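Data block below; observations after.
The values are calculated or read from the model by the stated rules, or taken from the named source; none is laboratory data. Nothing here was measured: the structure is a model prediction, and the numbers come from that model. Reconstructed Cβ throughout: ideal geometry from the backbone, glycine too, with neighbour counts over all protein chains shown.
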Amino acid sequence: MNATSPEAAPGRIVLLTTSHRVAPGLLSWPAWQALHAADRVLCADGAHPQLPYLREAGVAVDEAAPAARQLVESCAGGRTVVVVATAEGEPALTDGLARLAGGGRTRLPELELLPASYDLPGARLLDLVQVMDRIRAVCPWSSRQTHEGLAKYGIEEAYELVEAIEDGDRDELREELGDVLLQVVFHARIAEEDPDAPFSVDDVAAGIVTKLIHRHPHVFGDATATTPEEVKEHWLRTKAVEKRRESVTDGIPLGQPGLALAAKLASRVRTAGLRVPPPQGEGPGYDLLALAVRAEAAGVDPEAALRAAARAYRDAVRTAEGLSG
């Protein structure tokens, strides 16, 4: 037999991978070309979400999971076989092909990995929503949680995020951001069950998207802003109109830590161009208020500054105790 004859040609195996985070049927053009040109298309998963769309497009798919040697034989004579990979991939098949290649006795077909669809940025958020749905439905603890019961965890996770930022720990930062994101998705999942005013995580996302676009006309509209101060001024004006606020102090949560509250008030007053000196009074509260106002005017976050000083104090205490920092 001539080595270049069609019968001797080893053929081609195309391993087609798809993302479950993309709507079925939305495949790349090279993927559709490979599917229509293939001599045979195989898929081991009869419930694969792509199968109805492939068949609707005129692609005949055999529900089969051949062993590596069988697949190689199917490619004999220069034939092309496309394998639509399952969600787990095809580890048994690829391992089998690797063993055949290692044996050196089998001429393998050309092997191509062809991604047919790709995740868009943020696609893993869909996984988080699905996992949260499952946990809420099955977990004895999570299924009983309420907004009120979870409130303390939101505060704790926010503080742990701040600590990771101040420590400069990138691994910890990534983890704590995930924990904060979990709180958002968890609360949104609980909100779906409200009998009177339900909303979902999609409603939450839609709301913040609308707000961001509306409050950034210098990005999405015709307005201009050349400095961070101009952006902040426009943001505050827009919020005042949206929420019909009468005072620059409206909307400031009074339950936040004292130094942060004082700095927020001072920031609102300064941004609004008001001249309201801190009230004079006796005691450490008024002294701390005056310090917080001066720190904010100087561009210093008094809460962060005090935490840094407290950490230094903590280290000094541990040193005095003969302990490492």
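Some points to look at:
- Qualifying residue in segment 181-195 (condition: of a type in the set (F, W, Y) and closer than 28 Å to R144 by Cβ): yes
- Hey, H216 under 23 Å from A272 (Cβ atoms), under 23 Å from the mean Cα position of the chain (by Cα) and surrounded by 11 or more Cβ atoms within 10 Å (Cβ to Cβ) or not: yes
- When residues in segment 27-48 are screened for being in a helix (DSSP H, G or I), free of Cβ contacts under 8 Å to residues at least 40 places away in the same chain and among the aliphatic types (A, V, I, L, M), 0 of them pass.
- Just one of (1) under 28 Å from I208 (Cα atoms); (2) touching a residue at least 24 places away in the same chain (Cβ under 8 Å); (3) of a type in the set (A, V, I, L, M, F, W, C) fails for L288. It is (1).
- Tallying residues that are of a type outside the set (A, V, I, L, M) and either farther than 26 Å from K152 by Cα or in contact with a Phe, Trp or Tyr (Cβ under 9 Å, 6 or more places away or on another chain) (or both) within segment 249-284 yields 14.
- Tabulated pairs, segment 126-139, first closer than 13 Å to L181 by Cα, second of a type in the set (F, W, Y) and in a helix (DSSP H, G or I), C-beta under 8 angstrom, 6+ apart or interchain: M132/F186
- Top-ranked residue in segment 50-107 [being among the β-branched types (V, I, T) and part of a helix (DSSP H, G or I); ranked as modelled with the highest pLDDT]: V72
- Residues in segment 80-97 that are surrounded by fewer than 20 Cβ atoms within 10 Å (Cβ to Cβ) and farther than 24 Å from Y53 by Cβ were compared, and the one that is farthest from the chain's Cα centre (by Cα) is G96.
- Cβ pairs under 6 Å, 6+ apart, first in segment 304-325 and exposed (fewer than 11 other Cβ atoms within 10 Å of the Cβ), second modelled with pLDDT of 90 or more: G325/D315; G325/R318
- Residue check for L126: assigned to a helix (DSSP H, G or I) and surrounded by 14 or more Cβ atoms within 10 Å (Cβ to Cβ): yes
- Answer from E233, E246 - the residue that is surrounded by 14 or more Cβ atoms within 10 Å (Cβ to Cβ) and either more than 25 Å from Y159 (Cα to Cα) or of a type in the set (V, I, T) (or both): E233
- Selection of first residues in segment 183-209 that are closer than 22 Å to I155 by Cβ and of second residues that are of a type in the set (F, W, Y), restricted to Cβ pairs under 8 Å at least 6 apart or on distinct chains, gives the following pairs, ordered by first then second residue: Q183/Y153; A188/F199; A191/F199.
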